[in-house]
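Undergrad: Before we start, here is the structure in question, set down as C-alpha cells.
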Amino acid sequence: MVNRFLSNYKNNFSFKYFLVALTVFVIFGLKTQKDAITIGDEQRYIDYANNLLHGYYSPSFQNVFIWNGPGYPIFLMPFIKIGFGVISLRIVNAVIYILAIILFDQFLQKRISQLFCKIILFYLVFYLPIYSEMSLILTESFTFLLITLFVIEIHKDKINYVKTGLIFGYIVLTKVIFSYLLLGFIVYYVVKFIIQRTETNKLFLKLFIVAFLLNVPYLFYTYSLTKKPFYWAMSGGVSLYWMASPHDGEYGDWPSFGFAYKLMYDTKKSDSLHLPEIEKISKLNYSQRDEAYKALAIKNIKEKPLKYFRNYIANFQRLFFYLPNSYGKHREIMLWYLPFNIWLLLGFLWIIFVSIRFSSLLTPVQHLLSLLIITYVIFTCMVFAYTRFIEPVIPIIILLSIDFMVLTIPNYLKLLSKSNH
C-alpha cells in the first residue's frame, strides 16, 4: 500500500522537482534578508508598482523619473494589490526561479541525455550567485524565467511569432538593455529579408515587430513626458558617465553612489574627483541629468578612448567575476564567483568561436540566439556590468554551448580522420 502511494506520488508530482524546490527554498532561506526593510533598488520597484496601481508610472513634468522599464513593476502589481509585503515579494522570486529551472529542465530532456540534464539541473539549483539577487526584490529571477520561455518558444517546430514576440517584448520592458537589441534585430532582419526572402527571415522579422509593438504604448507614454522618441529609461547617462571615467584606479563601476559602496570601497578619492560635478548635475531634473551625464561621458571617451577601452575590458571581467572594482578592498570576492562563472565564461567564448568558425552550419534559431547573447554582452559591457547581468541569460549560454558541442565535435572528428589519411 505504501509502495503504491509512493509510486502514484512520483507519477503525479516528480520527486526530483520536489527536491529541487526544497533545496532552492533552503538556500534562499539562508541567504534572504529576514527583516521587512527594503534594500537598494527594491523600494524603487515597489514604488513603481504602487504608482501603476494608482494610474500612472512616473511623476510628470519636472519630477519625471523613469529609471527602469515597467515590466517588473507590472508583474509586482497584483501581489502588492492583495497585500504582499517585502518578505512575501522576495519569496515570489524563489518560486519564479524554481518554475524557470523546472521548465528549462523539461525542455532539455527532449534534447540531451538524462545525465547531462541532471548535471545542468544540479548546477542551476546550486548556482549560489543568483541567490543574492533572488533574495531581494530585483529583476534577475523574473528575467531568467522570461528568457527561458523565449528559448522554449523559439525552438518549437511551429513558432508562434505573436506569442514569442510578446515574450521578447516583455523582456525589453523588464530589462531595457534589450531595447537596443530589439531595434538592431528589426533592422538586421529587414535587411536580411530583402536579401534572402525566406520564410524564416520573414518569421523572425514579424516576431521582433510584435515585440516592438508591445513597447509602443510605453514609448508613447515616455515621449509625452520627455519629448524624446524611443526613450525606455533614463539610467543610461549616469551608467555611461562612470563607465567613461578617465581616472586611474576607476574601472567603470559606480564607486561614489550608495551606502553599500561606502561600506565595501574606499571612496574618498572618488568623491573628491566626482562629487563637485555630481552635485552640480543633481540640481537638474532627472531627464536633464541623463543628458548631462551622457555629454560628460562622451567628452571623456573622446579625450581618453584608450581608458574607455580598458574600462570596457574591466566591465567584461566584472560581468563574470565581480572584479575589478574601483578602489576595492574585497578582492577575495572573486573566489566566490570563480567556480560558478568560469563555466559561463568558457561557454560564452565557445559560442563566439563556433559562431565564427562554423557559421554556415548554424540553424536560423542558433544564429539568432548566438547573435542575441553576443550582442547582449557587447552592449552590457559598453555601459555598466556586474555579475547579476549575466544571470538572466544563463539558459541561452547553456543551451548554445551544448548545441555547438553536438554540432562541431563530429566535424572535428571528420577533420582528424582526413588528416590521418
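Undergrad: Fully extended, how many nm does the chain gain between residue 336 and residue 14 (0.36 nm per residue separation, minus their Cα-Cα distance)?
TA: Here the answer is 112.7 nm.
Undergrad: Using the Kyte-Doolittle scale, find the helices of the chain whose mean hydropathy is at least -0.5 and whose Cα atoms extend 27 Å or more along the helix's long axis, counting only whole DSSP H runs.
TA: Flagged H segments are 86-109, 177-195, 199-226, 334-357, 364-383, 394-420.
Undergrad: Length gain on complete extension for the stretch residue 280 to residue 118, per 0.36 nm per residue less the alpha carbon to alpha carbon distance?
TA: Net length gain for the segment: 52.9 nm.
Undergrad: Right, something else. How far apart, in nanometres, would the label points at residue 407 and residue 375 be if each is projected 7 angstrom from Cα along the Cα-to-Cβ direction?
TA: 1.7 nm
Undergrad: For residue 81 and residue 298, calculate 0.36 nm times their separation in residues minus their Cα-Cα distance, and state this gained length in nm to one decimal.
TA: 73.9 nm
Undergrad: For a 25 Å ceiling on Cα separation, which of these pairs sit above it: 158/202; 158/206; 81/163; 163/227; 175/302?
TA: 81/163; 163/227; 175/302
Undergrad: Also: Over all distinct Cα pairs, what is the inverse of the mean 1/r for the chain, reported as the Kirkwood hydrodynamic radius in Å?
TA: 23.3 Å
Undergrad: Simple spin-label model, 7 Å along Cα-to-Cβ: residue 109 to residue 157 in nm?
TA: 1.9 nm
Undergrad: Could you list 290, 47, 248 in order of exposure, starting from the residue whose Cβ has the fewest other Cβ atoms within 10 Å?
TA: Placing the least packed residue first, the sequence is 248, 47, 290.
Any read-out appearing in this document is the output of simple, stated calculations on the displayed coordinates, not a laboratory observation. Here the structure is a predicted model, which means the values were calculated and not measured. We place every Cβ from the backbone using ideal geometry, glycine too, and count neighbours over all the protein chains shown.
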